[in-house]
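Presented below is the structure to which this report refers.
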Amino acid sequence: MEKQKSNISKLVPIMFAFFAMGFVDMVGTATNYVKADFNLSDTMANFLPSMVFLWFFFLSVPTSLLMNRIGKRKTVVLSLIVTAAALVLPLCGYNYPVMLASFCLLGIGNTLMQVSLNPLISCVVKGDRLASSLTFGQFVKAIASFSAPLIASWAAVRFGNWRILYGTFLVIGVIATVYVWLTKVEEDAPAEKTSKFKDVLKLLGIPTVLMLFFGIVAHVGIDVGVNTCAPKILMERLGLPLTEAAIATSVYFLFRTIGCLTGSLILAKWDLRKFFALSVVLMILSMTGLFVCHTKAGIYAAIALVGYGNSNMFSMIFSKALLFMPERKNEMSGLMIMGLIGGTIFPILMGALSDAIGSQVGSVAVISLGVIYMIFLAYRFLKQEKA
């Protein structure tokens with residue numbers, strides 16, 4: 001009983017950090033406001049979220065090596081400090097270069113956080129409950145994601161300044177930083193002999209690791225893609241203003257939040273591979289709706305389906321990666337988080353194709369490529385079940 005209470009006391013600050021991890025999902029909302037404020041094209045606007053997720057490719061593996069040296073908790077604290085710096089910048093000045101710098105810092109901080117926070121929770125929760133716990137962490141993260149567009153829309157209407165969102169998240173980020181710093185978690189001692197960069201990358205030569213890596217790429221591409229283009233679809237097809245269309249992002253994150261909450265319960269009792277396949281079916285239905293629907297109810301329903309379907313993909317894929325090579329979990333974490341480069345690749349392709357054909361159908365087509373890969377991944381998971 002005492003051990004259980006101790007674990008809960010350690011999980012609470014970790015969940016605060018998961019909430020701070022969700023700050024990165026405000027990039028879709030911020031991108032749409034920055035696009036409107038500075039009259040940017042889709043290609044230029046989508047360059048902003050690309051600046052966030054670009055760092056996952058370059059810094060994920062180095063962060064895993066840093067984590068081997070200084071430990072997981074200290075790396076999480078460092079990530080929270082960098083994230084706080086990213087939130088301060090737009091409050092000090094507001095122009096395109098400042099927003100680029102803010103997005104870059106947000107990406108660097110989130111890279112540090114994603115790589116270190118998921119393995120940190122594995123020091124508190126062991127075995128089969130890891131996927132469920134990671135999913136609950138994603139639920140907490142999704143609360144921040146869900147609230148961002150609501151806060152921005154409210155601030156824009158009430159005060160004419162959507163950037164109040166940054167100040168709100170900054171306060172919470174500072175609290176999370178102090179809380180994690182004051183919490184002691186028993187973790188593996190920093191390795192005396194750490195892996196080299198090339199040794200970590202060699203793990204991608206293992207077919208299962210590479211397959212899971214591209215699964216993360218697809219998941220994040222879908223996530224950032226829908227986050228960015230959902231309001232644009234409503235504005236294009238129904239002529240809604242941004243302040244009203246931005247609610248589409250909240251619909252996505254609302255159902256992603258519901259998905260994470262229910263997913264943590266389902267994964268505690270149900271087979272991961274079957275739940276993964278069910279989630280993919282929901283995303284297939286969603287893409288169909290986003291291609292053909294021209295009513296508000298139909299578009300919202302499609303956004304809700306992809307929100308729920310994509311909500312647990314990260315935790316399911318990530319947990320399989322950690323359990324596949326538990327002795328290399330720091331390195332595996334770095335590799336999987338490197339897959340968040342999908343958040344850079346997808347928006348760039350979406351912006352280019354949408355500008356080329358003059359329609360958000362181009363964006364949906366790019367997102368659908370990620371869903372097609374998820375179909376392949378579901379097939380491989382179910383095939384492993386039969387083997």
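In the set (1) surrounded by 16 or more Cβ atoms within 10 Å (Cβ to Cβ); (2) touching a Ser or Thr at 6+ places or on another chain (Cβ under 9 Å); (3) among the hydrophobic types (A, V, I, L, M, F, W, C), the condition left unmet by residue 324 is number (1). Listed by position, the helices (runs of 4 or more DSSP H) inside the range 170-250 whose residues that are modelled with pLDDT of 95 or more and surrounded by 14 or more Cβ atoms within 10 Å (Cβ to Cβ) number at least 2 are 207-238.
Do we have any residue at all in the range 316-323 that's without any contact (Cβ under 8 Å) to a residue 60 or more places away in the chain, part of a helix (DSSP H, G or I) and not aliphatic (A, V, I, L, M)? No: the range 316-323 contains no residue that is without any contact (Cβ under 8 Å) to a residue 60 or more places away in the chain, part of a helix (DSSP H, G or I) and not aliphatic (A, V, I, L, M).
Could you please let me know if residue 37 is more than 19 Å from residue 334 (Cα to Cα), in a helix (DSSP H, G or I), over 20 Å from the mean Cα position of the chain (by Cα) and not hydroxyl-bearing (Ser, Thr, Tyr)? It is true that residue 37 is more than 19 Å from residue 334 (Cα to Cα), in a helix (DSSP H, G or I), over 20 Å from the mean Cα position of the chain (by Cα) and not hydroxyl-bearing (Ser, Thr, Tyr). Considering the conditions (1) free of Cβ contacts under 8 Å to residues at least 40 places away in the same chain; (2) assigned to a loop (DSSP other than H, G, I, E, B), residue 294 is excluded by exactly one of them, (1). The number of residues in the range 349-375 being part of a loop (DSSP other than H, G, I, E, B) and under 17 Å from residue 292 (Cβ atoms) comes to 2. Within the option set 308, 379, being over 30 Å from residue 70 (Cα atoms), of a type in the set (Phe, Trp, Tyr), in a helix (DSSP H, G or I) and within 19 Å of the chain's Cα centre (by Cα) holds for one residue only, 308. Tell me whether the range 80-98 contains one or more residues that are touching a Cys at 6+ places or on another chain (Cβ under 8 Å), part of a helix (DSSP H, G or I) and surrounded by fewer than 15 Cβ atoms within 10 Å (Cβ to Cβ). Yes, there is a match, as at least one residue in the range 80-98 is touching a Cys at 6+ places or on another chain (Cβ under 8 Å), part of a helix (DSSP H, G or I) and surrounded by fewer than 15 Cβ atoms within 10 Å (Cβ to Cβ).
Here residue 39 meets each of (1) out of contact with any helix residue (DSSP H, G or I) (no Cβ under 9 Å at 6 or more places or on another chain); (2) at pLDDT below 85 with one exception, condition (2). Counting only residues that are among the aromatic types (Phe, Trp, Tyr) and on the phi > 0 side of the Ramachandran plot, the range 143-171 holds 0 of them.
The values are calculated or read from the model by the stated rules, or taken from the named source; none is laboratory data. Values in this document were obtained by computation on a predicted structure and should not be read as measured data. Neighbour counts run over all protein chains shown; Cβ positions are idealised from the backbone, glycine included.
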